[in-house]
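J.: The structure is given below, and queries will be raised subsequently.
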Amino acid sequence: MENIDLIIKSAQCVLPEEISIKDVGITGGKISCIQDSIDASNYPNAQIIEAKGKHLLPGIIDTQVHFRDPGLTHKEDLHTGSLSALLGGVTTFLEMPNTHPSTTTKEAIEFKINRAKELSYTNFGFFIGANGENLEEIKACQGLDGCPGVKIFLGSSTGDLLLYKEDKLLEIFTSVKSPIALHSENEEMLRERKDIQKEAKSVHAHYEWRNVETALSSTKRVIGIARKANKKVHVLHITSKDEIEFLKENKDICTVEVTPQHLTLYAPDIYDQIDTKAQMNPPIRTKKHSDALWSIGINQNVVDVIGSDHAPHTLQEKNRGYPKSPSGLPGVQTILTIMLDHVNKGVLSLEKCVELLCSAPAKLYSLKNKGSLIEGYDADCTLIDLSKFQTLKDEDMASKVGWTPYHGKVIQGVVEGTIVNGKPAYLYGKVYEGFRGLPIVTA
């Protein structure tokens, strides 16, 4: 056998067909062998990671982050955002285009890619945003390494990207082969209901203003447009029972994403507890809706992937009080551990967790050689201790904003190591500085 650079010993490996104790050999950034035992004495130069009692997962792929770079780097940048990802077991992130300026040209995508090559601890991809006037730029980014697809905001959120006119959407849907990811809220309804926000006495008005109907009506409309174009679309951060029931009947034309926060937190409780820190678009809703995301979304396989929607704002900004406070909360560092806590609570199998966070995202965005522990695939791996408890704390968050909506929450499941392109970038509490990730390659 060829030389081996790294051997992960005695890990409980979550393989495509089973979970079993294996040794994993890594050579030149690829998984070169998965065996019952690898004799390390045959490879005296190999680095050894002892992983007995730990689980080895494929590297986590976070399909939705906002790292605020360029233009909003007082909140986050590619260095701090990717460090948060690394500590959270994420080996690849896909970043959204609502930066400043918005990422709407091939040149802007290439700028981000080059910046990430200098700053990012993990692998990366950057969506191009659609604004209704940049179809040729979108076409120029199809198949470009480092660009997974197109992002469309049907309702206004952070930034100035917004597109909801049917003719423009139809034009994009019929012209673009790349994946299209949608933030689905009805902009006309949001404007009609704006007085609810303006006259709000507390943050509870947020989920009244951006109610279920503003999301459902938009989702019904865009699925109708997708059918006209015969273009399968990806609907992001679904929040309600009504939407998940509708999307269940339309899975032939869409894929579906949810976030850990919409599966874990619910109104009114979380707003009473952390006020505007819980404010995001679309909103965290009542328990009836979070329960349906589980019972229908997860358990009936309507949900395809889980993304964090990491959208950091500073505490100073959040503390302005509603409605002056911005929407969004950090989550890339906790995406895996929150879901592992659900695994330990028995509501989610570890295999399903890996599907939602690894193999399905890789399939959705055609990420070459990622998402599974398979010989010949990229050696992106996440080492976890499924039995260990931890208390999530603001001060342990690497994000520039330095807070988490889960502060004080005791969870079971800890990230022990993050291996990116065959190199341990984070291991047993130590970050290996100087290591940098690579742009995604699509198959």
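Throughout, read-outs are computed from the coordinates displayed, never taken from laboratory work. Everything numeric in this text was worked out from a predicted model, so none of it was measured. Reconstructed Cβ throughout: ideal geometry from the backbone, glycine too, with neighbour counts over all protein chains shown.
J.: If r is the Cβ-Cβ distance from Leu315 to Ser349 and R0 is 45 Å, what FRET efficiency results, to the nearest 0.05?
T.: Efficiency for this residue pair is about 0.80.
J.: Okay, moving on. Can you sort Phe127, Phe93, Phe246 from fewest to most other Cβ atoms within 10 Å of each residue's own Cβ? Don't jump to the answer; show the numbers that get you there.
T.: Details: Phe127 27, Phe93 34, Phe246 17.
If I rank by nearby Cβ atoms, fewest first, I get Phe246, Phe127, Phe93.
J.: Can I ask one more? Apply the a/c threshold of 1.5 to the C-alpha gyration tensor of the stretch 221-278 and tell me whether it is rounded, prolate or oblate. Before the final figure, lay out the partial values.
T.: Details: a/c = 3.27, a/b = 2.96, b/c = 1.10.
Here the stretch 221-278 falls in the prolate category.
J.: Quick query: amide H of His74 versus all other amide H atoms, modeled in the peptide plane; which residues come in under 5 Å with a sequence gap of 5 or more or a different chain?
T.: So His74 has HN proximity to no qualifying residue.
J.: Continuing with this model, one more query. So what is the calculated 222 nm ellipticity per residue for the chain, using -39500 (n - 2.57) for each DSSP H run with n of 4 or more, over all residues, to the nearest 500 deg cm²/dmol? Before the final figure, lay out the partial values.
T.: Numbers: 16 runs with 123 residues, N = 443.
One gets -7500 deg cm²/dmol as the mean residue ellipticity at 222 nm.
J.: Can you put Met339, Met280, Met189 in order, fewest other beta carbons within 10 Å first?
T.: Lowest count first: Met189, Met339, Met280.
J.: Another question, then. Mind sorting Leu15, Leu364, Leu86 by how few other Cβ atoms lie within 10 Å of their own Cβ, fewest first?
T.: Listing Leu15, Leu364, Leu86 from fewest to most nearby Cβ atoms yields Leu15, Leu364, Leu86.
J.: Rounded to whole Å, give me the distance from the Cα center of the stretch 241-303 to that of the stretch 356-415.
T.: 20
J.: Just grab the label-to-label distance for Asp39 and Asp396, each label 7 Å out from Cα along the Cβ direction, in nm (one decimal).
T.: Roughly 4.1 nm, to one decimal.
J.: Also: Apply the Karplus curve 6.51 cos²θ - 1.76 cosθ + 1.60, θ = phi - 60°, to the phi angles in the stretch 169-182 and return the couplings in whole Hz, x for Gly and Pro.
T.: 5, 4, 4, 5, 4, 7, 9, 10, 8, 5, x, 10, 9, 10
J.: According to the square roots a ≥ b ≥ c of the eigenvalues of the Cα gyration tensor, what is the shape class of the stretch 217-359, taking rounded for a/c under 1.5, prolate for a/b larger than b/c otherwise, and oblate for the remainder? Walk me through the numbers before you get to the answer.
T.: Numbers: a/c = 1.86, a/b = 1.29, b/c = 1.44.
The shape class here is oblate.
J.: Whats the longest run of the chain with zero GluC sites (Glu not before Pro) that are DSSP loop and have at most 13 other Cβ atoms within 10 Å?
T.: That would be 250-374.
J.: Residues of the stretch 51-77 with backbone nitrogen within less than 15 Å of a virtual label 7 Å along the Cα-to-Cβ line of Ser387, please, listed as ranges.
T.: Within reach of a label on Ser387, which here means backbone N under 15 Å from a point 7 Å along Cα→Cβ, the stretch 51-77 contributes 51-56.
J.: Only Cα pairs within less than 10 Å get springs; with that Gaussian network setup on the chain, which residue of His313, His79, His407 has the largest fluctuation?
T.: For the chain, modelled as a Gaussian network with Cα springs under 10 Å, the answer is His407.
J.: Once amide H atoms are placed 1.01 Å from N in the peptide plane, what residues at a sequence separation of 5 or more from Ile49, or on another chain, have their amide H within under 5 Å of its amide H?
T.: Residues meeting the criterion, in which the H sits 1.01 Å from N, are Ile7, Ile8, Lys9.
J.: Right, here's the next one. Between Glu208 and Tyr432, what is the spin-label point distance in nm, taking each point 7 Å from the Cα along the Cα→C-beta axis?
T.: 5.4
J.: At 0.890 mPa s and 25 °C, plugging the Kirkwood radius over alpha-carbon pairs of the chain into Stokes-Einstein gives what diffusion coefficient in µm²/s? Please list the in-between numbers first.
T.: Details: Rh = 21.8 Å.
D, rounded to a whole number, is 112 µm²/s.
J.: For the stretch 321-443, take the alpha-carbon Rg, divide it by the Kirkwood Rh, and send me Rg/Rh.
T.: My calculation of the ratio gives 0.99.
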